[in-house]
Structure formats: structure tokens, C-alpha cells
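Trainee: Starting off with a structure, shown below.
The values are calculated or read from the model by the stated rules, or taken from the named source; none is laboratory data. None of these values were measured; they are calculated from a predicted model. Virtual Cβ from ideal backbone geometry, glycine too; neighbours counted across all protein chains shown. With ligands, DNA and RNA removed, areas are computed over all heavy atoms of the protein, side chains included. Shrake-Rupley method; radii C 1.70, N 1.55, O 1.52, S 1.80 Å.
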Amino acid sequence: MQNHARAVPSPPRSPTPPAPRAPRAPPAPRAPLRLDAAHARRFFVARQLLASPRSLPAAPGSILEVTARFGSLQLDPLATTGAKNHDLVLAARIRGYRPEWIEPMLYGSPASRTLFEAFNKALNVVPVAELPFHRVAWEHARARYHERGGILAEHPRVRAEILARLAREGPLPAVAFATKGDVEVTWGWGRATATKAVLEALFCTGDIAVAGRLGNTKTYHLTEALFPAAVLAARVSPAEALRHRVLSRYRAVGLLGLMASPEIWSGTAPPAARKEIVSGLVGEGELIAVEVEGLARERYVPASDRDTLEATRRPRRGRRAVALLAPLDPFMWDRRLVLELFGFDYKWEVYTPRAKRKHGYYVLPVLFGDALVGRIEPRIDRAAKVLHIDLLKLEPTFRPGENPDFLPALDVALTAQAALAGATEIRWRRGLRAKIQPK
């Protein structure tokens with residue numbers, strides 16, 4: 001298992017003055033590695049653990065391998081396909097993955113809890129070992145929400161009641177705190193009750209954490225009750241935390257530049273500061289600068305992926321497999337990279353009005369070997385245990401008749417998706433499958 005994060009420090013000890021050291025000259029800049037486009041595609045797919053989809057062992061421990069690789073798995077409540085985003089990400093890489101495997105890792109006892117929910121770009125599953133790096137964000141949020149006009153400063157009684165109830169009663173679902181006649185406040189992009197806003201603010205400040213979920217309803221508890229004392233006691237500096245946050249984006253994508261969509265860099269640093277951090281990471285040997293044929297700007301690869309760069313210099317032999325990618329899969333985080341490197345223009349249209357959708361509501365990119373060849377829309381009917389295939393659109397440059405191994409590979413991926421969703425039947429929209437049958 002590879003872990004691309006820096007080791008979490010032990011709990012603080014009595015300080016020992018460091019021995020003086022002579023100043024070191026900054027390392028000489030290294031020339032970027034040059035990759036042709038085909039090599040870059042092979043590397044990117046392999047680095048994303050998709051060169052052989054569903055090849056990690058069918059065991060809960062494989063979840064830790066994936067989370068150690070990417071650092072963040074984005075959470076989203078929608079389960080149109082029969083599984084939520086983070087489960088789709090794991091199922092594309094782990095043979096026979098079951099959503100219940102991750103439950104004790106996320107919501108078990110402090111001793112068994114190896115993952116937790118935290119904001120890192122968005123709400124993500126992240127390793128507990130990296131919790132100290134997130135404390136700095138909690139402290140920033142605490143200062144913001146407690147200052148004059150902040151939600152916690154404006155509603156101290158609500159805050160005190162929530163914390164007292166959790167201390168007294170243990171984990172409680174968010175709905176347990178609803179009160180009749182609760183005032184509304186401006187919160188996020190709209191309005192919310194003061195209680196809901198205070199709950200979410202306390203989560204952002206690290207005073208409370210997600211102890212479990214009942215469907216999509218979060219259950220909260222005091223953070224101090226959910227994690228080992230040693231992890232909670234560990235501290236890192238603000239500079240180390242910011243460095244970790246920037247590096248986490250490179251761990252997730254694997255071939256990221258300095259410029260990307262704003263949401264990727266959300267919660268990190270302004271461009272100038274980010275550039276300085278990346279330069280330091282390159283100088284320290286944590287990132288490798290690369291130039292990719294056809295891409296305008298330099299990109300960076302985690303140094304721990306050097307072996308993968310070497311192993312993907314030549315094409316693999318053997319049958320190509322299909323992976324169905326989640327809309328918020330790390331593979332898809334940098335949509336500009338996906339467009340420029342794979343020629344695949346993807347937009348998640350779940351929030352697009354129906355009349356303006358180009359493809360569909362919850363459409364998954366289809367990866368075949370090292371090419372993105374189309375998009376598919378599986379939809380679960382839980383009552384009937386049927387996985388409906390409502391849409392399959394292939395790219396104009398991809399011809400299934402010239403790729404007779406595509407349909408069997410797609411069937412394998414759909415069978416895995418049906419098992420993940422608890423479906424016993426796959427039902428295609430009439431005439432849809434016939435369009436991709438080899439002639």
C-alpha cells in the first residue's frame with residue numbers, strides 16, 4: 001500500500017532545541033519529464049488504479065489502499081445508479097466491493113475508525129491519520145464563526161444546548177435538534193434554521209463530527225468522543241497544513257497543473273502562494289514536473305508514482321476492460337485535463353434543467369482501456385431489483401463494430417454495477433443494446 005501523505009507527527013513532547021545547521025542552497029531546478037500523449041493517458045489510467053478495473057482484492061483493506069492513494073473521496077447524497085459517488089469510486093477499483101465494508105471505517109468505534117468526513121475541496125472521506133492537518137481549517141473556522149456577526153457568536157445558547165445534549169445523550173441525528181419556532185438565518189447559499197446553521201458551523205469548527213448516517217441524515221457526536229486521543233492531540237503548523245492541502249489535490253488527480261477549475265483549489269491558497277508551495281514540493285522531491293504533448297502548461301506528478309511512469313512507457317497487452325466512472329471520481333476532477341488529454345467533454349448535468357441537458361441526469365463516463373469512449377446512464381429500481389440502462393452514447397470516434405471486445409467488457413462492468421446496487425436483472429431501453437452489437 002502506498003501512502004502519499006507526510007507522516008502525522010506524534011503528540012507534542014518537551015521541545016528540544018535543534019542543532020544549528022549551515023544554510024543550504026536551494027536545489028537546482030530539474031528539467032520537466034516529457035511525455036507523449038499516449039504515454040500520459042496510460043500513466044493517468046494506471047495511476048488512477050483503473051488499468052485493470054476492479055482488480056484490487058475483494059476485502060475492506062482495499063478501501064484503505066484507495067484512500068491512501070487519493071487522500072479524498074468525494075461524498076454526494078445521490079444514489080441514482082444504486083450507489084453513492086464514493087461507493088462508485090471504490091467499486092470501479094475493488095473486486096466485489098460492498099458499501100457496508102466502509103461503514104465501520106467511517107462510523108465505528110474510535111479504535112476501528114480509520115476514515116472520517118471532512119471538507120477538503122468539498123465534503124470528502126479522508127484518512128483519520130491525516131486529521132491533524134485538518135485541525136488548522138477547524139481553527140480558522142472557529143475564529144470566523146465566533147467573531148462578531150458569526151453564527152456561533154450570534155447564537156451562543158443554541159451552540160451550548162447542542163454540545164450539552166451530545167455530551168449527555170451521545171450521538172444524535174440532526175433532526176433531533178429541530179425545535180418549533182426556530183428562527184431562520186442567512187446560511188450558505190440561502191436560508192436555514194439557526195439550529196441547522198449552528199450544527200453545520202460546529203462541524204466546520206471540529207467541535208462535532210459525523211458519527212454515522214441514517215440514509216442521508218447525519219448523526220453527530222462530540223469530536224473528542226470519536227477519535228483516539230493521540231490523533232486529537234497531534235498538531236502541525238499552519239504552513240504544514242496548507243502544504244498538505246495543496247499536495248492532496250495532486251494526490252487525487254495525479255497529473256495536475258497549477259491552473260485548474262476553481263473548485264479544485266477551493267480551500268487551499270491564492271494562486272501566487274500556491275505556486276510557491278508547488279515549487280517547494282518540486283524542490284523537496286515530492287512532485288515531479290512533466291510536460292505532456294498537446295497540453296499547454298506544465299503539470300506535476302506525485303514522486304511516489306515514478307515507478308508507474310516508467311511501467312507505462314509501453315502499451316499493455318491483453319484484453320481491455322470497461323470501468324464506469326462516478327461523476328465526482330478523482331479521474332474526472334480536472335475536466336479540462338480530461339478534455340485535452342482524452343478528447344472527452346464531460347459535464348455532470350444533475351443540476352441542469354431537464355430541457356437543457358445534452359445527455360442525461362446522472363450519466364457515468366465509460367472508460368475502455370485507456371480511452372473514454374462514451375457515457376451511460378444506469379438507473380436502479382430498488383423495489384423491482386432492476387438496473388435500467390436508459391442511455392448509452394458512444395463518442396463519434398469510437399466504433400463498436402471495430403472493437404468486438406467492447407460489449408462483453410461493458411457487460412462485465414454492468415454486472416458488477418448491478419451487484420453493487422442489489423439488482424438481480426439488467427434491463428436495457430428498447431433497441432439501445434442492438435445499436436452497439438458487432439455486425
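Trainee: Kindly indicate whether Ala51 is open to solvent by 20 Å² or more (accessible area, probe 1.4 Å), hydrophobic (A, V, I, L, M, F, W, C), closer than 28 Å to Ala239 by Cα and not in a strand (DSSP E or B).
Mentor: no
Trainee: Anything in the range 69-90 that is hydrophobic (A, V, I, L, M, F, W, C), closer than 19 Å to Tyr250 by Cα and open to solvent by 10 Å² or more (accessible area, probe 1.4 Å)? List them, or say none.
Mentor: If the condition is that a residue be hydrophobic (A, V, I, L, M, F, W, C), closer than 19 Å to Tyr250 by Cα and open to solvent by 10 Å² or more (accessible area, probe 1.4 Å), then Leu75 is the only one that fits.
Trainee: Also, I was wondering about something else. Tell me, yes or no, whether the range 221-229 has at least one residue that is more than 23 Å from the chain's Cα centre (by Cα), at negative phi and modelled with pLDDT under 95.
Mentor: yes
Trainee: Could you list, in sequence order, the residues of the range 250-269 that are outside any helix (DSSP H, G or I), open to solvent by 10 Å² or more (accessible area, probe 1.4 Å) and not hydrophobic (A, V, I, L, M, F, W, C)?
Mentor: Those that are outside any helix (DSSP H, G or I), open to solvent by 10 Å² or more (accessible area, probe 1.4 Å) and not hydrophobic (A, V, I, L, M, F, W, C): Ser261, Ser266, Gly267, Thr268.
For (1) in a loop (DSSP other than H, G, I, E, B); (2) under 19 Å from Leu33 (Cβ atoms), each residue gets a yes or a no:
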site: Ser248; (1), (2): no, no
site: Val290; (1), (2): no, yes
site: Ala296; (1), (2): yes, yes
site: Asp305; (1), (2): no, yes
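Trainee: I'd like the residue in the range 347-403 that is in contact with a helix residue (DSSP H, G or I) (Cβ under 9 Å, 6 or more places away or on another chain) and of a type in the set (Ser, Thr, Tyr) and, out of all such residues, is farthest from Pro53 (Cα to Cα).
Mentor: Tyr361
To keep it simple, each residue is scored yes or no on (1) open to solvent by 60 Å² or more (accessible area, probe 1.4 Å); (2) at pLDDT below 95; (3) aromatic (Phe, Trp, Tyr).
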site	(1), (2), (3)
Phe331	no, no, yes
Leu341	no, no, no
Lys358	yes, yes, no
Glu402	yes, yes, no
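Trainee: Filter the range 385-397 down to the residues that are more than 18 Å from Val412 (Cβ to Cβ) and in contact (Cβ under 8 Å) with a residue 24 or more places away in the chain, then identify the one that is least open to solvent (accessible area, probe 1.4 Å).
Mentor: Only one residue fits best here, namely Val386.
Trainee: Evaluate the following for Ala143: is it surrounded by fewer than 12 Cβ atoms within 10 Å (Cβ to Cβ) and of a type in the set (A, V, I, L, M)? Spell out how you get there, then give the answer.
Mentor: Working: surrounded by fewer than 12 Cβ atoms within 10 Å (Cβ to Cβ): yes; of a type in the set (A, V, I, L, M): yes.
So Ala143 passes the test.
Trainee: Among the candidates Arg314, Arg319, which residue alone is without any contact (Cβ under 8 Å) to a residue 12 or more places away in the chain, assigned to a loop (DSSP other than H, G, I, E, B), farther than 30 Å from Cys204 by Cα and not acidic (Asp, Glu)?
Mentor: Just one listed residue meets the conditions, Arg314.
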